[in-house]
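The values are calculated or read from the model by the stated rules, or taken from the named source; none is laboratory data. For clarity, every value in this text was computed on a predicted model and none was experimentally measured. Neighbour counts are summed over all protein chains in view; Cβ atoms, including those assigned to glycine, are modelled from backbone coordinates with ideal geometry. With ligands, DNA and RNA removed, areas are computed over all heavy atoms of the protein, side chains included. Shrake-Rupley method; radii C 1.70, N 1.55, O 1.52, S 1.80 Å.
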Amino acid sequence: MSRTATNGSAASGSAVRGTTASSVRAFVAVLGRDVFVTGRELPSFLAQVLVQPVALLFIFGKVLGQLGYTQPGYAQILFPGMIALNAFLVALQNTSFPLVLDFSYSREIEDRLLAPLPISWVAVEKMLFGALRGLVAALLMFPIGLVMLGEIHWNLSGLPFAALCMVLGSLAGGTVGLTVGAAVPPRRINIMFAVILAPLIFTGASQFPWAQLDGLRWFQILCAFNPLTYVSEGMRGALLPWVPHMAPWVCVLALIGACGLFGALGIRFFLRRALD
Amino acid sequence: MTPAVEVLDLVKRYPKSSSNAVDNLSFEVHPGEVFGLLGPNGAGKTTTVGILTTRVTLTAGTARIGGVSVGSDPVAARRKVAVVPQQVNLDRSLNARQNLIFHAAYHGVPRTERRRLADELLDRMGLTDKAKARIDDLSGGQAQRLMIARALIHRPEVLFLDEPSTGLDPQARLFVHDRVSGLRSEGVTVVLTTHDMDEAEKLSDRVGIVDHGRMLTLDTPEKLIKSLPGSGTIDATVHPNGFTPDGLTDVLAAVQGVEQVEPVGTVPSQTGEDPGLRMRLYVADEPAALLGPVAAALHERQVTVNDLSLGSATLEDVFIDLTGRELR
Ligand SMILES: Nc1ncnc2c1ncn2[C@@H]1O[C@H](COP(=O)(O)OP(=O)(O)OP(=O)(O)O)[C@@H](O)[C@H]1O
Ligand SMILES: [Mg+2]
């Protein structure tokens, strides 16, 4: 049973337009609420978003390199992967975590579920806002990486495609987050981090080029199921075209597919949680 | 005139449940009316309110708000209703005033107007000095009043109050009652659920009593009370003198004009003898005329009468008569 669409055949054209206009207004207001709340807790947002990737980049890109445990070019390989990781993972966490809380005992989200917009739009708003935070987190990585690594050797003409991968990666992270957040009951939230997030971090090709995994075939196949792999590979392929990488069109198609699949699944789960 | 609320053969069965929470419920609420929905715990009141406010999907039947079906056009229905839920669901990331302002924004109230309305409502609800308070720092009664303010800010056609005064102190309860009466005079349709019979009797134009998801009866409080087998009552407090409560019931029921007798409790005695028994007698005619015969019947059996007092039946009597005594 679908309760999401405005019923066009039943109502007259102008009534539908009126309903749509008020739904759009409500959508903007609900998004505005999230932006407002984030603005107030900016320091904690920045800490949550930056500490982990900066630490990873510092240890693997800088410390191990200076000690001579990694090859000289490794930091260059790692950096685009860290940006991809941030886009995908921050989007995922920032969609799923608040959602688990929203649906917990306090049911704070109820006020928005009772606003005059389709409930699926509330789900889309949650996902979109998570993706927005992921994108901001990814963008913040650029200056930090530049400062930390000193110099980067990028193919600058690949920047537009890298930007596309970041946007798609954030959206994919948001849709996966919506699915996870709406599916996981509040008392399982600890398990969510151990069982879902950790594997996603390490099978996403952000610390290694996927195309060079020939010797570890099973792992390569496993990584292909992680949407993050396509973000990392897409960005690395655009910025470091001389490193072996996946074809760009494969990355774009896979990410669009992931957005479609998890978006639809997430909205389904969200509706089930939102309505008794 | 389109009914403000129209419920027809409404059925709700929760997933994995073996029985219907709402079971073929039908009723109408007229525009501008205060309608009381009464029923024991688990009767299906909150479920009914949930369906009418589009939070709960219906299994079968129809439910309309001002002619709009909540099942097929929930978005339009949400523009017409507001609800003060049984449990606090305020937005904890926002302070009191922001809760009002953002709620108004969701409902498309223009920016300048929502600020003005928020301040006005905070004032009306006696919360002006709590405007900047965090939700966690509000008392239960203050949170309740804030939820009422939030419900009113987008000028709903129908306001649902789910047990609006549970957990409130007498001042706050009176305050809420005044607000409901105020809304009524402004022409807002109010549907309230409650277990508090005095509250229902005082506020409602009509009440419906539900149990097990079914409507047992629906009328004005006065008519419901009149419809009881005995509409006048006599309360007798006695020392049973060896009689069991059942025995005494038989004695009293035998008095001409008494329609029904119910033990309503025991009274601890001050002198350390047997505890006193309180019995309620429902009578058909003028209860005063029966005081003599009742006293005589008890005196005949050497039962000491401590107190005989006249009363009239209340909504609570109707409620107990219809839904029985056992706990849910
Ligand atoms: N989300 C749910 N899932 C499954 N069953 C539910 C759910 N909510 C309520 N019920 C069941 O439906 C029935 C009606 O519950 P409801 O909350 O509507 O009662 P109520 O009249 O509001 O009671 P109260 O006076 O205690 O608030 C109960 O038997 C309850 O156990
Ligand atoms: Mg209830």
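Below is a table of values for the structure above.
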{"quantity": "Residues located in segment A:134-174, provided they are among the polar types (S, T, N, Q), surrounded by fewer than 17 Cβ atoms within 10 Å (Cβ to Cβ) and in contact (Cβ under 8 Å) with a residue 24 or more places away in the chain", "calculated": "A:155"}
{"quantity": "Residue match in segment A:230-241 (condition: β-branched (Val, Ile, Thr) and surrounded by fewer than 16 Cβ atoms within 10 Å (Cβ to Cβ))", "calculated": "no"}
{"quantity": "Checking residue B:214 against (1) modelled with pLDDT of 80 or more; (2) not assigned by TED's automatic domain parsing to the domain that holds residue B:42, the condition it does not meet", "calculated": "(2)"}
{"quantity": "Residue A:253 open to solvent by less than 40 Å² (accessible area, probe 1.4 Å), away from ligand 2 (no atom under 16 Å from the Cβ) and without any contact (Cβ under 8 Å) to a residue 12 or more places away in the chain", "calculated": "no"}
{"quantity": "Yes/no for residue B:105 being more than 22 Å from residue B:162 (Cβ to Cβ) and at the interface with chain A (Cβ under 8 Å from one of its Cβ atoms)", "calculated": "yes"}
{"quantity": "Whichever residue in segment B:40-76 is within 16 Å of ligand 1 (Cβ to nearest atom) and at positive phi and, among such residues, is most open to solvent (accessible area, probe 1.4 Å)", "calculated": "B:42"}
{"quantity": "Members of segment B:14-39 that are in a loop (DSSP other than H, G, I, E, B), near ligand 1 (Cβ under 8 Å from one of its atoms) and open to solvent by less than 20 Å² (accessible area, probe 1.4 Å)", "calculated": "B:39"}
{"quantity": "Residues satisfying the stated conditions in segment B:7-32, i.e. in contact with a helix residue (DSSP H, G or I) (Cβ under 8 Å, 6 or more places away or on another chain) and either away from every other protein chain (no Cβ under 14 Å) or more than 16 Å from ligand 2 (Cβ to nearest atom) (or both)", "calculated": "B:7, B:10, B:25, B:32"}
{"quantity": "Residue A:109 of a type outside the set (Lys, Arg) and within 14 Å of another protein chain (Cβ to nearest Cβ)", "calculated": "yes"}
{"quantity": "Any hit, segment B:120-131, residues being facing chain A (nearest Cβ under 7 Å) and in contact with a helix residue (DSSP H, G or I) (Cβ under 8 Å, 6 or more places away or on another chain)", "calculated": "no"}
{"quantity": "Any chance residue B:4 is surrounded by 24 or more Cβ atoms within 10 Å (Cβ to Cβ), away from ligand 1 (no atom under 13 Å from the Cβ) and either within 24 Å of residue B:165 (Cα to Cα) or more than 12 Å from chain A (Cβ to nearest Cβ) (or both)", "calculated": "yes"}
{"quantity": "Condition check for residue B:208: away from chain A (no Cβ under 14 Å) and either away from ligand 1 (no atom under 16 Å from the Cβ) or without any contact (Cβ under 8 Å) to a residue 12 or more places away in the chain (or both)", "calculated": "no"}
{"quantity": "Single unsatisfied condition, residue B:190 versus (1) part of a strand (DSSP E or B); (2) within 16 Å of ligand 1 (Cβ to nearest atom)", "calculated": "(2)"}
{"quantity": "Residue pairs meeting the criteria (Cβ under 6 Å; at least 6 apart or on separate chains; first away from chain A (no Cβ under 12 Å), in segment B:35-57; second open to solvent by 20 Å² or more (accessible area, probe 1.4 Å))", "calculated": "B:35/B:206; B:40/B:328; B:41/B:328; B:42/B:328; B:44/B:21"}
{"quantity": "Qualifying residue in segment B:91-112 (condition: under 26 Å from the mean Cα position of the chain (by Cα) and without any contact (Cβ under 8 Å) to a residue 40 or more places away in the chain)", "calculated": "no"}
{"quantity": "Hits in segment B:40-91 (condition: within 16 Å of ligand 2 (Cβ to nearest atom) and in a strand (DSSP E or B))", "calculated": "B:83, B:84"}
{"quantity": "Residues located in segment A:57-93, provided they are without any contact (Cβ under 8 Å) to a residue 40 or more places away in the chain and part of a helix (DSSP H, G or I)", "calculated": "A:59, A:63, A:64, A:65, A:66, A:67, A:74"}
{"quantity": "Residues of segment B:102-113 satisfying the condition of being surrounded by fewer than 21 Cβ atoms within 10 Å (Cβ to Cβ) and in a helix (DSSP H, G or I)", "calculated": "B:111, B:112, B:113"}
{"quantity": "Check on residue B:88, within 14 Å of chain A (Cβ to nearest Cβ), in contact (Cβ under 8 Å) with a residue 40 or more places away in the chain and open to solvent by 20 Å² or more (accessible area, probe 1.4 Å)", "calculated": "yes"}
{"quantity": "Which numbered condition residue A:257 misses (of (1) modelled with pLDDT under 85; (2) closer than 22 Å to residue A:127 by Cα)", "calculated": "(1)"}
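Yes/no matrix, rows are residues, columns are (1) under 17 Å from residue A:37 (Cβ atoms); (2) modelled with pLDDT of 90 or more:
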site	(1), (2)
A:118	no, yes
A:122	yes, yes
A:125	yes, yes
A:128	yes, yes
A:133	yes, yes
A:147	no, no
